[in-house]
1. Read through the list (1) over 23 Å from Asp48 (Cα atoms); (2) in a helix (DSSP H, G or I), then give the number of the only condition that Val86 fails.
2. Specify the residue that is surrounded by the fewest Cβ atoms within 10 Å (Cβ to Cβ); the eligible residues are those in the range 96-134 that are among the basic types (Lys, Arg) and more than 25 Å from Val68 (Cα to Cα).
3. Can you name the residue in the range 68-96 that is β-branched (Val, Ile, Thr) and closer than 16 Å to His177 by Cα and is also modelled with the lowest pLDDT among such residues?
4. From (1) exposed (fewer than 13 other Cβ atoms within 10 Å of the Cβ); (2) within 20 Å of the chain's Cα centre (by Cα); (3) modelled with pLDDT of 50 or more, pick out the condition that doesn't hold for Thr65.
5. Taking the range 184-194, which residues are more than 9 Å from Gly168 (Cα to Cα) and within 18 Å of the chain's Cα centre (by Cα)?
6. Are there any pairs, at least 6 apart or on different chains, whose C-beta atoms fall under 8 Å, with the first in the range 162-183 and within 16 Å of Asn123 (Cα to Cα) and the second among the polar types (S, T, N, Q) and part of a helix (DSSP H, G or I), and if so, which?
Amino acid sequence: MTKIPFARSTGSRIAIAALVGVALVSYAEPGARAGLFDSDKGGVAYQDVTDMLHAVMESDRTVYTRQVIGRLTVKEKVIKASEHFVDEKALPLPAQMFRFGAEMVAEKTDKFTYSLLSLWPVNAQNKPRTDIEKEGLKFVADNPGKNFYGEEKLGDVKYFTAVYADTGVAEACVSCHNGHKDSPRTDFKLGDVMGGVVIRLPIKE
C-alpha cells in the first residue's frame, strides 16, 4: 500500500480500547477522497472538523500558558506551577490541564478523542504508540506550519487521525522541559515543535 503523507498549511493521551489492533494506515492528498467525509451529502469534512477542534484546543492551551503560567509564575512570580500541584498548592502544568480536559471530554462523548503526545515525552505515557502517531509527530516536527492527516484501523474501528504541531509558545514551557530530570531532550527553544496534538474521529463506513 502506497503511503503518502499530506498536509495543509495553517497555523494526554486518551486511551482507545481498540489500540491493541494493528494499525493499517493510508494517506491521500487533501480533497482527493472528499466523498469519504460525506461533505457531498451536506456534512462537514473530517479534516474540517479536526481543524476546528484543534483551533479551540490550541487557543485555550496558549491562553493558559501565556496568561496564567507565564504571567503568574515567570513574570509576577506569585505562584509556581508543578506536576505535583495538589501537594505543593501550585498551578497545574499546561500539559496536565490539557489532559484533564481530554479526560472530561472522553466521559461525555465517543465521537472524538484527543491527546498530547511527543517524540520526546517527559512522561513515558505520552509517547506515540501507533504507526500513524509516530509518522504524524515526525512530519509536523520536520515541516513547521503543516498538519498531518491520515486514516488508521485500530481493532475493528477505522479512524480519521489528524496530528497538529504543539510548539513552545512561552519561555515557561521551554525552560520546564529543558530542566526536567526526565526529559529526553534539553535543547528546546521558544517556537520549537515540542510534540503534537492527536485528534481521532471514528469513520462511518
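1. Every listed condition holds for Val86 apart from (2).
2. Across the range 96-134, the extreme among qualifying residues is Lys108.
3. Residues of the range 68-96 β-branched (Val, Ile, Thr): 68-69, 73-74, 78-79, 86.
When the remaining residues are screened for being closer than 16 Å to His177 by Cα, the result is 69, 73-74.
Details: Ile69: 92, Thr73: 91, Val74: 88.
The selected residue is Val74.
4. (1)
5. none
6. Cys173/Thr65
The values are calculated or read from the model by the stated rules, or taken from the named source; none is laboratory data. Being a predicted model, the structure only gives us computed values, none of them experimental. Neighbour counts are summed over all protein chains in view; Cβ atoms, including those assigned to glycine, are modelled from backbone coordinates with ideal geometry.
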